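To start, the structure under review is shown below, and the notes come after it.
Please treat every number below as a calculation from the coordinates, not as lab data. Note that the structure is a prediction, hence the values are computed from the model and not measured. Cβ sites come from the backbone with ideal geometry, for glycine too, and all protein chains shown count toward neighbours.
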Amino acid sequence: MRKLFFLLLCLSFSIVKAQDYFPTDKGVKTSEKKMFALTNATIYVTPTEVIKKGTLLIKDGKVVEVGKSVKIPKGTIITDLDGKSIYPSFIDIYTEFGLPKPKRAPRGRVTQYEPSREGYYWNDHIRPDTNPIENFKFDNRKAKDMINAGFGVVNTHLHDGIIRGNGLIVALSPNSSNAYRILDQKSAQFLSFNKSRKSNQAYPSSRMGAMALLRQTYLDADWYAKGNMENKDLALEALNRNKDLVQIFETDNWLDATRADKVGDEFNIQYTIVGSGDEYERIADIKALNANFIIPINFSNAYDVSNPLLAQQISLRDMRKWNQEPSNLSVLSKNGVNFALTTRSLKSVKSFHKNLQKAIKYGFDKEKALASLTTIPASILGKTDIGNLKKGSYANFLITSGDIFDAKTTMYENWVLGDKNVINDMNIKDITGDYMLSVNNKNYDLSITGKGAKQTGSIKLNDKKVKSKFSFKDDWISIILNEEDGYTRLTGKAINAANLMQGTAYDTEGNESSWSASQKMQKGANKKDASKNKKKSDDITVVPVSYPNLGFGNYTQPKTETILIKNVTIWTSEDAGILENTDVLLEDGKISKIGKNLKSRRATVIDGTGKHLTAGIVDEHSHIAASSINEGAQNSSAEVTIEDVVDPTDINIYRNISGGTTSAQILHGSANPIGGRSAIIKLKWGENAEGMIYKNTPKFIKFALGENVKQSRSANGVRFPQTRMGVEQLFVDYFTRAKEYDALKKSGKPYRKDIEMEVIAEILNKERFISCHSYVQSEINMLMKVTEKFNFNVNTFTHILEGYKVADKMAEHGVGGSTFSDWWAYKYEVNDAIPFNAAIMHNAGVTVAINSDDREMSRRLNQEAAKTIKYGGLSELEAWKTVTINPAKLLHIDDRVGSIKEGKDADVVLWSNHPMSIYAKVEKTIIEGKVYFDREEDKKKRKAIAEEKSQLITMMLNEKLGGGKTRVPMKRKDRNFECDTLEELKN
Amino acid sequence: MFFFLMININAQQTPAAKQSNPISIEGATAHLGNGQVIENSLIMFSDGKITFVGSAMMRIARIGTVINAKGKHIYPGLIATNASLGLAEIDAVKATRDFDEVGTMNPHIRSLIAYNAESKVVESMRPNGVLMAQITPRGGLISGTSSIVQLDAWNWEDAAIKTDDAIHMNWPGSFTSGRWWLGEDPALKADPNYGKNIDEIKQYFLNAKNYLASNSDTKHIPYESTKGLFDGSTKLFIHASGAKEITDAITICKELGINNLALVHGEGADSVADLLVKNNVGVVLDRPHRNPNSEDDAYDYTYTIAKTLVDKGVLVCLGMEGQMERMNTRNLPFYAGTFAAHGLDKEVALQLLTSNSAKILGIDDKVGTLEVGKDATLFISDGDALDMRGNVLSKAFIQGRDISLETHQTKLWKRYSNKYKSK
């Protein structure tokens, strides 16, 4: 046995291709240059160039000629492929083929802030120096799977880090050697938002941190390239070397795709984006990126909804995903997005075709399908000699029984570099069909199904199943019939032309007789099949996509309306105070008129009798609608901005407008003394991130003091600062350096552009404002004194729970206070927090806002404002200002929002009642003249959600009862970001 | 002097002395807590008990001190059910946290002895009308035994209204988080171990029952503490959410012979309301000021659930478990107000903090309404106490004792207001 194995090993070695100049000790040196001609085939030279009855001539792994009339040289091995088709083998450009998954670095007890590598960039997750050729090992097993799925070439790289280095293009030729099958060892450069497994360096800990890091890396690489750095940096050198390669960026969802593209655009890099399969959710935004895409086709199974109590927990968003995602390729293609397909994220490559066939059933064009597997991936990599069968291209092709995307088609062979790999033996006859089998004067029904060697038959006698065993091997049919009167063994061969089989039968006694089987007319069966198929395709219902694509999403974006609200009680938040029985006209997104007896012919009239109209609530401190909140892996993260990670799909946006909030500052968290930049947004439910962020947004940054920044709740905190004393020095340090940086920049001398310093210099130059998380009086006073030394003021103290202790100093400094109405007792530094804080600060002359810092409270800030009446006795007018004009002032958006005044944005809320009454409910929330929330519309939405869920549940039940695979119900976890929420970036 | 001041601001308000003089409150709108309202009322109490509830128009002698409360409102003291006041002072400081014991089956763990009657958080309840609370341990499958206290006392012993009133159990959920550290989706998936988990609980109570039936020589302290569950003297508060979980919990408890039940949280209780009514199970609702559980829920689900259940005949009161629950307990009246904003009758909403709570807690013979013979635990508010603008207390009484409405916070308020005034 061992000998045999050895022999086999030798044999397999001997067929491996060897370079000519290598010596041999195995015998005489031979060289065989075979030439093959494949004739009479339908040849897809490219998806659009198809030759019927053509010939493909190949030699030395390349296409020599292809066409209708190709001259075939002598000595060519000719294979007649009449009735068969030839396609270029597929290309998957996003794999980790032949590369080991990097091992995770062991985690230490304390957070690692420093890099692990020396001589490279300061951040371990920037690894453009990775060259996978060093670790590449051809994986025969995986190669076989890919070959069987029709792939001939893969592009592979190490999926590790934010910048991941280059890739390799590998031909999947098991019998070749790396000397031939590596077609390009520097094919593209890869990037992602995920950290390297090889290092535990904490930074970046968030999506926005990863984006900032990429930007700074590009800036530094440029600075390095210009010869301005005295040190060596192998990572930056590699990055500069890889600059001209295609840049391929992996993303996890469509939002990340837009984010990656944004970073690329800033540096004139057009990434090719590896998508995630959810692009249909925002196809217009995806299209607008003008990027090439690499798209996976991994479709999820239906949920098992047989238990209604569990099924009711599945969100509409997740149900829709199951229903809608098979249409993704069709949607992308119809919108003109150029994309290649990848097997990435498939559990098994075997499901690739099944999924692709499903996508085609959902309207994906076959020609596009072929292009997305051949010419498009080739062109993304800038290759012309793969993915087609033109003269001179690599001889990578598939031989099939017909249309490659048809489930019934058999894939016979996959040739790679001119080497044949058999998938299904082409020489095995297709004997499938219904036959009448005649043995010993009995007529049986024989039905043969399956493909190739796996064709199998079942036998019936007078519509009753007969126990039998069928096999088809080496062209021989053998059947064993097991009937009451004993066994009958049949053996014989098929005569294709006549659709006939015949042979000899042996009964239990060994008596011989002849048998035959003739094929029945196929017409009827075909017809039945066709009608069945037709019915199936009619069954496809894709529920419409809403914006965002979840319950309560909008199918169409609200339009700017002309609205006249009559006879309403107006809370102006201006000196005018409250105006009874007054009309307001909203036109072109603005408050155009306030007065009595207003008229407008075009306007939709709303009767405001008994109701109250206020400006939309402004929340100075919110953490909704963002994919990450803290970049806490450094003590300053001024380089990050929440604008990068605004998430328009957060249901809290809708819930907030249902409570009258229309504008919010989405603040970075409080994990570090210098946090990130804010996003100031309007809660325009259904819009994309860009549509929500204020145009010409006032510039803000989050600072933080106290327990959070000194890592009080972390047992192993080691990051500077660990005390309030350190916090002061940190600010002094950063402000000093930024001042020096700015001076150098303004001097006109060359300087290394540093995003963090740029941002802090903006603060010093009074172009950016600080909103500082603060609790106790000592630190509040400290920050005011530090900034005064640097000749600027703090704009806002947020939380500011001990503001009442230094309210006079705050008034003198000119800083505003944005506080909670009544929170306290959750940590040591709020021991002296009192609900009278807002009133005391207000009385001392400080501009006071009441904020939420909580996605739930932000939907009822009217109630929180009312608490300032109870605690400390603010007047109703002043109380209402704490959630409208005051926060607008603190955010420098009071010229646009925060009060009802002619000329301001039409951001207004119609209340059922006195807005600070506990009994008040929002009836309509209008932003820029568009009705984003309406109580009556909301009721319709609830009904629609229930109906759509029932519809989808029925579809899933059908899937299950039809034998489809299902998965256990899943419940979406509620996401709750607060000041101290830390995100973990994947690695 | 400075030292004295420090002591002063850190010390709790002195508990009020026993009622020595009768008190009559005249002219207020009385919200009795049982759904009834008396305009221009007369309420009288002596020796800590209510002696008269009626109209001020009645020609009857006012006894003792007469308080003119014309234009004001009078309410029974509000009760915080399923609260944990006094079991932690500062959430983030472990040294002050006393609400969550190790172990999964802790029926013997008693909250009362850890209740800090001098907590600054506790005193901050009173100016908002929250005068009683069920002090409940947290954590584990069986968290422990709660007790009911009034919020103006020298120590836990004085504070107790009902000692060891109930055992609290956290019913397992049928969903579990994906193990993200193994690369699984962190979303919640149907838990394959759900059956096993509830079996464990069943087995535990069966063992306890068997133990109690036998005459074992060696004492089993946890099992001993479950005795009241089987004879009905101790209530079992089942903390559960989800129609499936609630149904399982009630059915299994009934099978075990545990019949005195209350349901806490009760997300999804609306779909099993009949079961709750049939088995006389009251529901302790979570605060409405929380986000709906699921993305597809109506934005006002948490605001309207009380009305939904009340309409279906379920006995409902308001509980406090959740984020920052201790400090937020003072917002109890506003939670009821929010329920009222979303459809519940205002007086019914008040019942969720008064008579209904007392019924579910089994103390309705003593407190929960303004009725003759009950404790004179009540307060006078300038306006509608369920509305932030109206909730301004001028007087509050616990068992007839005229309690202080000052707190650590009001002292700081006055101190700093004066600082700027004198400038």
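A Förster radius of 60 Å, combined with the Cβ-Cβ distance separating A:Gln357 from A:Asn765, puts the computed FRET efficiency at roughly 0.50. Each label was represented as a point 7 Å from its Cα along the Cα-to-Cβ direction; for A:Arg241 and A:Ala715 these points are 4.5 nm apart. Computed from point charges on the beta carbon alone (+1 for Lys and Arg, -1 for Asp and Glu), the dipole magnitude for region A:433-520 about its Cα centre is near 420 Debye.
Taking springs between alpha-carbon atoms closer than 10 angstrom, which of B:Leu386, B:Leu85, B:Leu275 fluctuates most in the Gaussian network model of chain B? Among B:Leu386, B:Leu85, B:Leu275, the largest mean-square fluctuation in the Gaussian network model of chain B belongs to B:Leu275.
Take the Cβ atoms of A:Lys469 and A:Arg141, set R0 to 22 Å, and the FRET efficiency comes out at 0.10.
Packing order of peptides A:662-672, A:282-292, highest average first: A:662-672, A:282-292 (average count of other Cβ atoms within 10 Å over each peptide's residues).
The distance between label points at B:Asn155 and B:Asn210 comes to 4.2 nm (points 7 Å beyond Cα on the Cα→Cβ vector).
How would region A:834-955 be classified by its alpha-carbon gyration tensor: rounded, prolate or oblate, with rounded meaning a/c under 1.5 and the a/b versus b/c comparison settling the rest? Prolate is the answer for region A:834-955, as a/c is 1.5 or above and a/b outweighs b/c. Considering only A:Ala664, A:Ile606, A:Ala143, the residue lying farthest towards the positive end of the dipole of chain A is A:Ala143, judged by Cα position with unit charges set on Cβ.
Rounded to the nearest 5, what % of DSSP beta bridges with both residues in chain B are antiparallel? Here the antiparallel bridges make up roughly 55 percent for chain B. Cross-link pairs exceeding 23 Å in C-alpha to C-alpha distance, out of A:Lys949/A:Lys973; B:Lys72/B:Lys346; B:Lys94/B:Lys162; A:Lys599/A:Lys901, comprise B:Lys94/B:Lys162.
Going from the fewest other Cβ atoms within 10 Å to the most, the residues A:His623, A:His813 appear in the order A:His813, A:His623.
Here the protein assembly as shown is assigned +1 on the Cβ of each Lys and Arg and -1 on the Cβ of each Asp and Glu. Its dipole about the Cα centre then comes out at about 3340 debye. In deg cm²/dmol, rounded to 500, what helix-only [θ] at 222 nm does chain B give when every DSSP H run of at least 4 residues adds -39500 (n - 2.57) and the total is split over its residues? Computed mean residue ellipticity for chain B: -7500 deg cm²/dmol.
What is the sum of charges around A:Ile58, taking Lys and Arg as +1, Asp and Glu as -1, for the other residues whose C-beta is under 11 Å from the C-beta of A:Ile58? Every neighbour counted, the sum reads +2. Rounded if a/c is under 1.5, else prolate if a/b is larger than b/c, else oblate: which is region A:24-178, with a ≥ b ≥ c the root eigenvalues of its Cα gyration tensor? Prolate is the answer for region A:24-178, as a/c is 1.5 or above and a/b outweighs b/c. Available extension along the chain between A:Ser875 and A:Met436 is 148.4 nm, counting 0.36 nm per residue and deducting the alpha carbon span. Full extension of the chain between A:Met725 and A:Ala576 gives 49.0 nm of extra length, using 0.36 nm per residue less the Cα-Cα distance. For chain A, the longest piece that avoids every one of the GluC sites (Glu not before Pro) found in DSSP loops with at most 13 other C-beta atoms within 10 Å covers A:510-766.
Rounded, prolate or oblate, given the Cα gyration tensor of chain B, with a/c below 1.5 counting as rounded? Note, shape of chain B comes out prolate.
Within region A:201-299, none of the chymotrypsin sites (Phe, Trp or Tyr not before Pro) combine a DSSP coil assignment with at most 11 other C-beta atoms in a 10 angstrom radius.
Using a cut-off of 31 Å between Cα atoms, the listed pairs A:Lys358/A:Lys429; A:Lys26/A:Lys53; A:Lys408/A:Lys464; A:Lys921/B:Lys414; A:Lys195/A:Lys321 include A:Lys26/A:Lys53; A:Lys921/B:Lys414 as exceeding that distance. Assuming charge only on the beta carbon of Lys and Arg (+1) and of Asp and Glu (-1), the dipole of region A:289-414 about its Cα centre is about 100 debye to the nearest 20. Considering all C-alpha pairs of the protein assembly as shown, those separated by over 56 Å amount to 35%.
Our helix-only sum for chain A, with -39,500 (n - 2.57) per DSSP H run of n ≥ 4 divided by its residues, gives a mean residue ellipticity at 222 nm of -7500 deg cm²/dmol. Look at the dipole of chain B built from charges on Cβ: of B:His289, B:Cys253, B:Leu229, the Cα furthest out on the positive end belongs to B:His289.
Comparing A:Ala188, A:Asn175, B:Gln399 along the charge dipole axis of the protein assembly as shown, the residue lying farthest to the positive side is A:Asn175, per the Cβ-charge model.
Compared with the alpha-carbon gap, the fully stretched path from A:Val28 to A:Asn793 is longer by 266.6 nm at 0.36 nm per residue.
Bridges between two residues of the protein assembly as shown, per DSSP, are antiparallel at a rate of about 65%. Centre-to-centre, using Cα atoms only, region A:209-231 and region A:68-139 are separated by 27 Å. Close amide-amide hydrogen proximity is noted between A:Phe364 and A:Ser330, each under 5 Å apart and 5 or more residues distant or on a separate chain (H modeled in the peptide plane; Pro and chain starts excluded). Between B:Gln36 and B:Met324, the C-beta separation translates, for a Förster distance of 51 Å, into a calculated FRET efficiency of about 0.90. By the beta-carbon count within 10 Å of each Cβ, the least crowded to most crowded order of A:Arg855, A:Arg117, fewest first, is A:Arg117, A:Arg855.
Just to confirm the filter: which GluC sites (Glu not before Pro) across region B:35-136 are DSSP coil and have at most 11 other Cβ within 10 angstrom of their Cβ? Sites meeting the loop and neighbour criteria: B:Glu39.
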